[in-house]
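The structure under discussion appears below in the form of structure tokens.
The values are calculated or read from the model by the stated rules, or taken from the named source; none is laboratory data. Bear in mind the structure is a predicted one, so any value in this text is a computation, not a measurement. Counting neighbours? That spans all protein chains shown, and the Cβs are built from the backbone with ideal geometry, glycine included. Please note that ligands, DNA and RNA were not included when accessible areas were found on the heavy atoms of the full protein model with its side chains. Shrake-Rupley method; radii C 1.70, N 1.55, O 1.52, S 1.80 Å.
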Amino acid sequence: MTKVFEESLSLFKDKVSDCVKSNKSISVTTHIDCDGLTSGSIITKALIREGARCTVRTSKEFSKNVVESFKTDSRDFHIITDLGGGFGKDLNQALEDNWIILDHHQISEEEKDNQNIINSWKYGIDGGSEISAGGMAYFAAMALNEKNSDLSEIAVVSALGDRQDQGDRKSFTGKNFEIANTAKDLGLVEIDLDLLLVGRETRPLAEALAFTSQPFIEGLTWNKETCLSILNSSGIELKEEGRWRVPAELNEEEKKLVIESITKFSPDKNTSEIMSELIGYTYTFPKEDKRSFLRDGREYSTMLNSCGRINHSGVGMAICMGDRNKILTEGENILTDYRKMIKEYMNILSNERWRISENENCVMVNGEDIVPETMTGTISSLIAGSPKNTGKIVILRTRGEGNTIKFSSRKSFGCKSDINLSELMRNGAEKFNGIGGGHNGAAGAKITKDKLDEFLKYLEVNVVNVSSGNSSE
Ligand code: C5P
């Protein structure tokens, strides 16, 4: 860890200790996605362990209105996780020195000089791939007390939720790697090379294969009947005592049979190609029940995303902070509803072709009156994951609260564009009095509806008409 990072964490510790000693109340404000819920939970749990008086809330975005709300809030000190980029000056004006941001989104050079902003980019850590907001919250929690090392488990979920498993075979790099190894050494996570089927712990094998879209296998992906038929012919026992077996229950021999069946079905893809995409690192939490959606790190992160996206952040945070029993059923129901909603929106978007305009660089999707504002990120990621959009930038828009338009952009797999989506969205939104930001490969923006035509023109000039490796921004 660099000296500057250590100094920032020590400042964080001092500020929290001061609050605890003088019985000042702390408010934690965090984002609604998986990384937001996990980072908020990590820091809240660490504060409770310190004996701090604190409350936590979620917000789907950060804005001047949120800063204004802090001014009238009775809490003495504010911690903001996974949000707040671009608002350092406003926070200073509203709260003087009584706030801290823990974040990993790209920020301007000017913000890096603000000591209350503890952002990975300030310390030379790539917040897009090497650390999540959960990871930043974890280091802050560790600065408070080394006993918080058990929270490394939740920071692994954060990094998976933000798709930071971008190393070889979906491994972690940088600080994420370090955190995952701490969790592993504590016996909290098992890291294995395994089949990367979606729903490893919960879905019947055929269904898990059908829902896996990386690799996308023509005829199998999204086709449950065909998956069932090839797996039936493979000789693998698909049921045990009348119950469908899940991917996590397969032995090595059976895993080989799965790969063999896929290769036979799809001869244009060779075995090594399929294996290289289908085998990667899995993160299993051995303390969670077998066949529970919390046992596999990626499923856990999907459940948290679903909680935040459909306005049940509290359920997700309760689970992260250790609540089990009844709350698990709630989490499970939320996940089912969320999957149903995604399917419905994707169906409508693919049937109503007028909503989509595309060229070789970019796919623009109009999700107005279909996709709720909180789900634009989920849907734009799914569109970017479709093989027909490989190499392109995807930009989805929908109506937001109070006469606004929300944009969500993603670089798809294999996209070689030099355009930094964080800068594109931030600069564009600022031109038209909106707010925007994020990461190089995933960013969002919000503008008022009256600026829509001008913003679309800006995107046309800076994305649609810019071929790979060439930006005029
Ligand atoms: O909203 P969406 O999911 O598309 O955002 C992609 C990424 O950009 C997320 O990590 C989100 O937190 C971030 N973002 C941001 N500032 C905004 C909008 C989105 O940092 N104004």
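For the range 443-458, a residue qualifies if it is open to solvent by less than 30 Å² (accessible area, probe 1.4 Å) and either within 14 Å of the ligand (Cβ to nearest atom) or out of contact with any helix residue (DSSP H, G or I) (no Cβ under 9 Å at 6 or more places or on another chain) (or both), and the qualifying residues are A443, G444, A445, K446, I447, L452, F455.
Selection of the range 306-321 for residues being open to solvent by 30 Å² or more (accessible area, probe 1.4 Å) and at pLDDT 95 or above yields H312, G314, M321. Within the range 1-40, the residues that satisfy the criterion of being under 15 Å from H78 (Cα atoms) and part of a helix (DSSP H, G or I) are L11, F12, K13, D14, K15, V16, S17, D18, C19, V20, S39, G40.
Among the residues of the range 9-27, are any aliphatic (A, V, I, L, M), within 16 Å of the ligand (Cβ to nearest atom) and open to solvent by less than 10 Å² (accessible area, probe 1.4 Å)? Checking the range 9-27: not a single residue is aliphatic (A, V, I, L, M), within 16 Å of the ligand (Cβ to nearest atom) and open to solvent by less than 10 Å² (accessible area, probe 1.4 Å).
Which members of the range 76-115 meet the condition of being aliphatic (A, V, I, L, M) and open to solvent by 10 Å² or more (accessible area, probe 1.4 Å)?
Listed by number, the residues that qualify are L83, A94, L95, I107.
Scanning the range 404-423 for residues that are more than 10 Å from the ligand (Cβ to nearest atom), in contact with a helix residue (DSSP H, G or I) (Cβ under 7 Å, 6 or more places away or on another chain) and of a type in the set (D, E, K, R) yields a single hit, K411. Number of residues in the range 338-378 that are of a type in the set (A, V, I, L, M) and touching a strand residue (DSSP E or B) at 6+ places or on another chain (Cβ under 6 Å) equals 5.
Within the range 434-443, being in contact with a strand residue (DSSP E or B) (Cβ under 7 Å, 6 or more places away or on another chain) and either in contact (Cβ under 8 Å) with a residue 40 or more places away in the chain or at positive phi (or both) holds for I435, G437, G438, G441, A442. Considering the conditions (1) more than 16 Å from the ligand (Cβ to nearest atom); (2) of a type outside the set (D, E, K, R); (3) outside the structural domain of A443 (by TED's automatic domain parsing), I342 is excluded by exactly one of them, (1). Screening R426, R399 for residues that are within 15 Å of the ligand (Cβ to nearest atom), at pLDDT 95 or above and either of a type in the set (F, W, Y) or surrounded by 22 or more Cβ atoms within 10 Å (Cβ to Cβ) (or both) leaves exactly one candidate, R426. The residues of the range 151-178 that are among the β-branched types (V, I, T) and out of contact with any Phe, Trp or Tyr (no Cβ under 6 Å at 6 or more places or on another chain), listed by number, are I154, T173.
Test S63 against the stated conditions and say whether it is exposed (fewer than 15 other Cβ atoms within 10 Å of the Cβ) and of a type in the set (S, T, N, Q). So S63 does not fit the description; no.
Within the range 213-248, the set of residues being farther than 29 Å from A384 by Cα and either open to solvent by less than 40 Å² (accessible area, probe 1.4 Å) or part of a strand (DSSP E or B) (or both) comprises S234, I236, L238, K239, E240, R243, W244, R245.
Of the residues A183, A208, only one is modelled with pLDDT of 95 or more, surrounded by 21 or more Cβ atoms within 10 Å (Cβ to Cβ), closer than 16 Å to S261 by Cα and not assigned by TED's automatic domain parsing to the domain that holds S380; which?
Being modelled with pLDDT of 95 or more, surrounded by 21 or more Cβ atoms within 10 Å (Cβ to Cβ), closer than 16 Å to S261 by Cα and not assigned by TED's automatic domain parsing to the domain that holds S380 holds for just one of A183, A208, which is A208.
Looking at this structure, is I435 open to solvent by 30 Å² or more (accessible area, probe 1.4 Å), away from the ligand (no atom under 12 Å from the Cβ), not charged (D, E, K, R) and not assigned by TED's automatic domain parsing to the domain that holds L83? It is false that I435 is open to solvent by 30 Å² or more (accessible area, probe 1.4 Å), away from the ligand (no atom under 12 Å from the Cβ), not charged (D, E, K, R) and not assigned by TED's automatic domain parsing to the domain that holds L83.
Got a sec? Which strands (runs of 3 or more DSSP E) wholly within the range 401-473 have at least 2 residues that are over 22 Å from the mean Cα position of the chain (by Cα)? By residue number, 442-448.
Of the residues making up the range 385-395, at least one is open to solvent by 50 Å² or more (accessible area, probe 1.4 Å), away from the ligand (no atom under 15 Å from the Cβ) and closer than 27 Å to S132 by Cα.
Comparison of E332, E358 shows that the only residue that is away from the ligand (no atom under 16 Å from the Cβ) and in the same structural domain as G199 (by TED's automatic domain parsing) is E332. When the range 270-306 is filtered for residues that are within 27 Å of T182 (Cβ to Cβ), assigned to a loop (DSSP other than H, G, I, E, B) and not hydroxyl-bearing (S, T, Y), the ones remaining, listed by number, are F285, P286, K287, E288, D289, K290, R291, F293, L294, R295.
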